[in-house]
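Notes to accompany the following structure.
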């Protein structure tokens, strides 16, 4: 029988960090956190789990990307036509760089919600979880070379889809590290 109390105690902080980093919203992160453990329970009933942390982080990443997609769809219905330049210029001068950073984070999340799952997941594991290609390949069940391709395609979409106001001089679109 699986000791869920120990699993949640041991791996819960990693799952929380994973989903919160992707979502940046505590309420959405809590929902994804719970959904992650529910999905893990179902998966563990059908097959033994060799690496709980890897499985939980993978499920959490996927749940968070799904939540991002839902949030983007909802936001586009509510706020079509918002000018990002207006957001930056309408705040006090000292807040500008923080607002630009927040705009970048939101824009990256929006693009991740629109790209294919594997690209979004590889990009998130690289840039949000600081994993290298072999670790990501192991997690996704593919090769490090394929991970490079997935990340490259995600970066290309970011370069294409990010607003010009946030595209310049950021770590995400200045090339693929490692």
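Neighbour counts of other C-beta atoms within 10 Å: give me 63, 42 arranged from fewest to most. Intermediate results must be reported in sequence, preceding the final value.
On the way: 63 25, 42 9.
The order, fewest Cβ neighbours first, is 42, 63.
Would you mind ranking 10, 135 so that the residue whose beta carbon has the fewest other beta carbons within 10 Å leads the list?
10, 135
Ordered by the count of other Cβ atoms within 10 Å of each Cβ, fewest first, 38, 140 give 38, 140.
A short reminder: the numbers here are calculations on the coordinates, not readings from a lab. Computed from a predicted structure; not experimentally measured. Here Cβ is always computed from backbone atoms with ideal geometry, including for glycine, and neighbour counts include all displayed protein chains.
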